[in-house]
1. If you take the square roots of the eigenvalues of the alpha-carbon gyration tensor of segment 609-653 and sort them as a ≥ b ≥ c, do you get rounded (a/c under 1.5), prolate (a/b over b/c) or oblate?
2. To the nearest 20 debye, what is the magnitude of the charge dipole of segment 1-151 about its Cα centre, counting +1 on the Cβ of each Lys and Arg and -1 on the Cβ of each Asp and Glu?
3. Carbon-plus-sulfur fraction of the accessible area of segment 67-109, 1.4 Å probe, in percent?
4. Would you please classify the overall shape of segment 399-460 from the alpha carbon gyration tensor, given that a ≥ b ≥ c denote the square roots of the eigenvalues, rounded means a/c under 1.5, and beyond that prolate means a/b larger than b/c while oblate covers the rest?
5. Roughly speaking, to the nearest percent, how much of segment 610-735's 1.4 Å accessible area is carbon and sulfur?
6. Short version: ³J(HN,Hα) in whole Hz for each residue of segment 42-57, in order, from phi by Karplus 6.51 cos²θ - 1.76 cosθ + 1.60 (θ = phi - 60°), x for Gly and Pro, what are they?
7. In whole percent, how big is the carbon plus sulfur part of the accessible area of segment 408-552, probe 1.4 Å, protein atoms only?
8. With a cut-off of 8 Å between alpha carbons and a minimum separation of six or more residues, what is the relative contact order of segment 393-529 in percent?
Amino acid sequence: MSPPSGTLDGGQAPEVRTFPIQRATDRDLERIARDAGFGFTPEELGRIRAHYRTAVRDPTDVELAGLSQSWSEHCSYKSSKLWLRRGFLGLAPKARVLGTGDAGVLRFEDGFAYALRIESHNHPSAVEPYGGAATGIGGILRDVLAVGAKPIALADPLFFGPLDATPSEIPSGGHSPRYVMAGVVAGIRDYGNRVGVPTVAGSVSFDPAYAGNPLVNVGCIGFLPSHRLRPNRAQAPGNHLVLVGGLTARDGIGGVAFASQELDATSAERSRGQVQLGNPIMKEPLIHACLEAFDRELVESVKDLGGGGLATASGELAHAGGLGLVVHLDRVPLREADLKPWEIWISESQERMLLEVRPERVRPLLEIFRRYDVPASEIGRIASGHQESIYFGGRIVGDLPLAFRVDPPLLLRPRAKRARTARRPPKVPDGDLAGLFERLILSPETNSREALLRVYDHEVQGRVVVKPLHGRPETPSHGDASVLVPRPESAVALAVSVASQPWACREAPRAGAVWTVEEAARNLYAVGARPDAFTNCLNFGNPEDPKVLDDFVEVVRGLADGARALGFAIPSGNVSFYNGGQGSGIPPTPVLMATGLLDDFRYAVTSDLKEAGNPLYLVGRSSANLGGSLFARQAKRTGLALPRVDPKALRALGETLLRAGRRGLVRAAHDVSDGGLATTLFEMAAGGNCGFRVDLAATGLSGAGLALAAEGGSRWVVEVPLASASDFERAFRGRPFVRFGEVRPDLWGTLLWRSKERARIDLGALYPRWRAGPIS
């Protein structure tokens, strides 16, 4: 498969344009880039001009299109990579982490591994909510498939503006948050359900900061025998490149440039064509065909086609292997026949994978894809050297050093500390505890997500043993994590949860990030799992703003602090900058999808209360600080101190809780988070269809209202068998814990203060209101 002859000195195909850059002035360069929509900075344009002056020729549109994709913030991480490398150094230990490519891969048990990755599809979902969310699911499935794993679970942390936002509260050109949420949920539902992968974890948050720029983060867990692990770097010159999956069209062209700039009043109309079109009916056979090819060892390396399309996938694959490549764009199967070469090169049409295959294995590989009715075409080869040669119609249309095209210089942008004013905390009223309780649990932040969870299929594949909803079928409630059994032959299980604390990170980015990691760990410990790893999606505003970049750096440091103290590996992640626009920005929003391991799924714990008369314990040390709390947000108070973070102490508590669970000393457990003890106690009682009686003075805080609303420090409420209470107390000797109540058989929540009754709440009457919240 030798390349046809041809040079760029007048020999390019007639469909290809050249741009007069060699002799262009700075003003000419800016005009050329603006007219072509490439999105280069002035410094990048100068670097490109210098390259072509040395080459003594002008660039083609194919070359500039490829450069614009690889040099975008979305693909290159040019503003964040330095900080990620420094911050997360050593957090992907080889003893546990088998791979860190398109998805992180960790050891599970002998001979098996699991993959995890989280991504964002924020800008596309703001413009076209259904398609943006659906193709976000499609993309994250490909990331996991690209390391040889079968996707077995999805997670979807979502952030929207208030559902009752008025038109004046929505930025110009934006959609109603209710419309956006409906489209996003439908897109996730339709793609995930149709491709047959369960959605087992997620969250939904509301804040005015997300009214113009919703955040749609999507995570995926995959499972694989360890021998099936595929690298994302080319292996040897002479191997063929085979493009498999969907046909190529104009949808998604320029998507990474769109994702590398802030939204404005024209984005919804101007950028709609940059949102890809998903096809889950193609994705399912594509997954099966790829897995069979991997099992038969027909594939040397693999890359999924996401942002930047074929240009990004092929360039990163070859460059990672220290090799070059030859690509024939006219061999790419098209859905639209009149595509220009540069459009083929950077199209982001969905459901496509690029496979590196030895020459003698191409025929059996093509036969597999023919049997699954999935398009597959040889489009090029891996070459020796480090050059990228692109052909169309037998003529060369692109010829660049891969290092120049794929690996732009990293940016050390300026940073500046954001001024934060410390304010006196508000007094939490003690007079109407029942009213406070209702306000906390009926908030859009805390009411039932059942209506949303019911549209997602979490039963498909039959692996989920602890469901997203805990408790009795007639009174389902929230839990902390789902638990999956990847292999029916083994009892070893995997817990999956998500965590995010943007309001805490807005108050103090580094401490807020540690708090987020603590929340992820608490969720896992609560179901009986030992924290193992997390993948992170870091959602921020414009990195050209020194204050935004400083927030980012502090969050990275905080995530690393928490991960080291709690034993989390960080094998993968994603950065999403340029969220916001039109004078507004989002708070620092790091989102974690975290995993934990259980030696035996039969020791998993759920949140619902089990038996009247059992004692309730509060495990952990309470804090009066309200920074980032739901109560503070309801009171519109910022500048408050966060609860003190102490991940090392949390780890010691969590390990004690795990040992107690293995001894049968834990009947139910739930972490204390948004809405404080009010939310925790209500959700536990609702799931068990029973009540509780607790003395809030046992928290050690100064008032009953504060005890009900405070969310820190890291704590759980634990139900213990009555006969095992003394054993539980001995297990926690030397740790902060207190027996503060009991499970009651009736549907009432009784709140005491120093043994005196302060409020009696009709949980049975409250449950239907909580269950039928604003997202129902």
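The values are calculated or read from the model by the stated rules, or taken from the named source; none is laboratory data. This structure is a prediction, so every number in the text was calculated from the model and none was measured. Backbone-built Cβ (ideal geometry, glycine too); neighbour counts: all protein chains shown. Surface accessibility is based on the protein's heavy atoms, side chains included, excluding ligands, DNA and RNA. Shrake-Rupley method; radii C 1.70, N 1.55, O 1.52, S 1.80 Å.
1. Working: a/c = 3.80, a/b = 1.52, b/c = 2.50.
Taking the square roots of the gyration eigenvalues as a ≥ b ≥ c, segment 609-653 is oblate.
2. On the way: 19 positive and 18 negative charges, 118 e Å.
The calculation lands at about 560 debye.
3. Details: 970 of 1730 Å².
Carbon-and-sulfur percentage of accessible area, whole number: 56.
4. Details: a/c = 8.85, a/b = 1.57, b/c = 5.62.
Taking the square roots of the gyration eigenvalues as a ≥ b ≥ c, segment 399-460 is oblate.
5. On the way: 1850 of 4090 Å².
Of all accessible area on segment 610-735, carbon and sulfur atoms account for 45 percent.
6. Listing the rounded values in order: x, 5, 5, 4, x, 5, 5, 4, 4, 4, 6, 5, 5, 6, 6, 6 Hz.
7. Working: 2710 of 5140 Å².
Within segment 408-552, the accessible surface is 53 percent carbon and sulfur.
8. Values: 105 pairs, mean separation 18.2, N = 137.
Reported relative contact order: 13 percent.
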